[in-house]
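Worksheet for the structure shown next.
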Amino acid sequence: MRRLVAVVLVVGLWLAGLYAFADRVIHSTPAAEPEEAADAIVVLTGASDMRIKEGMRLLERRKGARMLISGVNREVKREELLPVTEGSKKLYECCVDLGYEAQTTLGNAYEVAEWAKAKGFDDLIVVTSDYHMPRSLLEIKAALPGVKLHAYPVATPTLDAREWWKSWRSSRMLIVEYSKYLAILARDIFSSLTGSGKKDETAAGEAAAEGSAS
């Protein structure tokens, strides 16, 4: 009987967390315009080009001095990505960097960290999809502690966040992302409790290269 009660309690807590996660996603967009400019803007690539377009609009509005597009397909040439941004060619050529190494969210985090450290940036606007933002912030914070991050989530066209439970596709998207978020959160809590927060650079690079991009 106690085991059954424990299972019911765990499931209940998981479901409550899922609904809280969905509510966070729902109310995250439209993103508020940053009041002040950050050092730079980082865009994590994904299924929707809206992430890149919104990042470029922020750059054009001088919300950052430079922009990194992380996780670009290695087969995409620099000039081929310009039309996707729908932005100024002059600004694109001078102030946009492309990252080709990241293939996962963890990979994005390390790519962003290496770029920010090399450029001396410690105040970043992070642009990614609404449902992807919570996990992305956790990963970047872990890879780049002490840096100030400003979330700029972009609505996902294929996600009906307000009525996600009515759609199998939306339900699956949120449940999978929520589960990944919990896993990263548990990892970070465990690391802080055991004092193993610092990661070996080589191991981190190998881990970042595995899997598929979110």
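Selection of the range 9-44 for residues being open to solvent by less than 20 Å² (accessible area, probe 1.4 Å) and in contact with a strand residue (DSSP E or B) (Cβ under 9 Å, 6 or more places away or on another chain) yields Val25, Ala38, Ala40, Ile41, Val42, Val43, Leu44. Of all positions in the range 146-159, none carries a residue that is out of contact with any Gly (no Cβ under 8 Å at 6 or more places or on another chain) and assigned to a helix (DSSP H, G or I).
Being open to solvent by 10 Å² or more (accessible area, probe 1.4 Å), farther than 23 Å from Arg57 by Cβ and among the aliphatic types (A, V, I, L, M) holds for only one residue in Ala113, Ala142, Ala109, and it is Ala142. Annotation: Leu82 fulfils all but one of (1) more than 28 Å from Glu177 (Cα to Cα); (2) crowded, with 18+ Cβ neighbours inside 10 Å; (3) among the hydrophobic types (A, V, I, L, M, F, W, C); the unmet one is (2). Kindly evaluate Pro134 against the criterion of being crowded, with 20+ Cβ neighbours inside 10 Å and assigned to a helix (DSSP H, G or I). Yes. Give the residues of the range 45-69 that are crowded, with 21+ Cβ neighbours inside 10 Å, within 13 Å of Glu86 (Cβ to Cβ) and in contact with an Asp or Glu (Cβ under 8 Å, 6 or more places away or on another chain), sorted by residue number. Result: Met56, single match.
Note on the range 99-119: residues that are of a type in the set (A, V, I, L, M, F, W, C) and out of contact with any Leu (no Cβ under 7 Å at 6 or more places or on another chain) total 4.
For the range 176-198, a residue qualifies if it is closer than 17 Å to Val11 by Cα, surrounded by 15 or more Cβ atoms within 10 Å (Cβ to Cβ) and among the aliphatic types (A, V, I, L, M), and exactly one does: Leu182.
Conditions tested, residue by residue: (1) closer than 23 Å to Ser70 by Cβ; (2) at pLDDT 75 or above; (3) in contact with a helix residue (DSSP H, G or I) (Cβ under 9 Å, 6 or more places away or on another chain).
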site	(1), (2), (3)
Tyr181	yes, yes, yes
Ile184	yes, yes, yes
Asp188	yes, yes, yes
Thr194	no, yes, no
Thr202	yes, no, no
Ala209	yes, no, yes
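The values are calculated or read from the model by the stated rules, or taken from the named source; none is laboratory data. Because the structure is predicted, anything quoted here is derived from the model rather than measured. Note that each Cβ is placed from the backbone with ideal geometry, even for glycine, and that neighbours are counted across all protein chains shown. We work out accessible area using only protein heavy atoms, side chains counted, and drop any ligands, DNA or RNA first. Shrake-Rupley method; radii C 1.70, N 1.55, O 1.52, S 1.80 Å.
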